[in-house]
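Step one of this worksheet: look at the structure below.
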Amino acid sequence: MGGHGYINEHPVEMFYRDNRLNPIHEGTTGIQSLDLLTRKVPMNKMQGYKATLHEIVKTLDEAKHYSSLQPMTEQLSEALATLSTTTEAVLTAMATKNIDLALSNSVKYLELFGHVIIAWLWLKQSIVATKALAEKPHQADVHFYQGKLQAAQYFYRFELPEINVWSKLLTQTDSTSFDMQPEWF
């Protein structure tokens, strides 16, 4: 289409343009997950990983001062333990099993780690919102902070529990993806 398909809005040109992004996103996720597990987590004797966990624990300690945040605090503590257990299992599998098999579910590890980070950030926002609500802000701000707390609750109830399924696949070195053969497509 001579390049003009990226500026015109004809249906076939739009479809071609929009579909060009799919392989970029798919490849990037896989590359980032492999980089996280093979380079970022183990780098410098896991110092970056350990520093991240330390920051999350600091936030958990701060959140313990607010009774309304206890359910989230407990969930994030459990999620952090799940992340630690899963990380140990995957790194051990990388060292003792077929490394391609151990890394075949690396995207699920990236998602698990990402969900823990997002839960941490929601807890940090919840601390700020809880403090602000205690100071009796303007009504518009009350709604804003209540919305933050409700969004955090949504994430903790609907999204964060997914890490348990991913952890099981990762800690058991599930081979479903690894066993797939190109000729079966």
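Over the residues of the chain, the helix contribution to mean residue ellipticity at 222 nm works out to -24000 deg cm²/dmol, using -39500 (n - 2.57) for each DSSP H run of at least 4. If you run the Gaussian network model on the chain, springs between alpha carbon atoms under 10 Å, then out of GLN125, GLN139, GLN150 the most flexible one is GLN139.
Loop-only check: which GluC sites (Glu not before Pro) in the stretch 85-178 are DSSP coil with at most 13 other Cβ within 10 angstrom? Qualifying residues, ordered by number: GLU135. Relative to the Cα centre, the charge distribution of the chain, modelled as +1 at Lys and Arg Cβ and -1 at Asp and Glu Cβ, gives a dipole magnitude of about 600 debye. Mean-square fluctuations from a GNM of the chain, with a 10 angstrom spring cutoff on Cα atoms, peak among ALA63, ALA140, ALA51 at ALA140. Considering only MET43, MET14, MET72, the Gaussian network model of the chain with Cα springs below 10 Å gives its largest mean-square fluctuation to MET14.
Remark: spin-label model distance LYS136-THR85 equals 4.6 nm, labels positioned 7 Å along the Cα→Cβ axis. Projecting the Cα atoms of HIS143, THR86, SER175 onto the charge dipole of the chain (Cβ charges, centred on the Cα centre) puts HIS143 farthest toward the positive pole.
Computed from label points 7 Å out along Cα-Cβ, the spacing between ASP61 and GLU78 is 2.4 nm. In terms of surrounding Cβ atoms within a 10 Å radius of their Cβ, TYR154, TYR66, TYR145 rank from fewest to most as TYR154, TYR66, TYR145.
We did not get these values from a lab; they are worked out from the coordinates using the rules stated. Remember, predicted model here, so these are calculated numbers, not experimental data. Here Cβ is always computed from backbone atoms with ideal geometry, including for glycine, and neighbour counts include all displayed protein chains.
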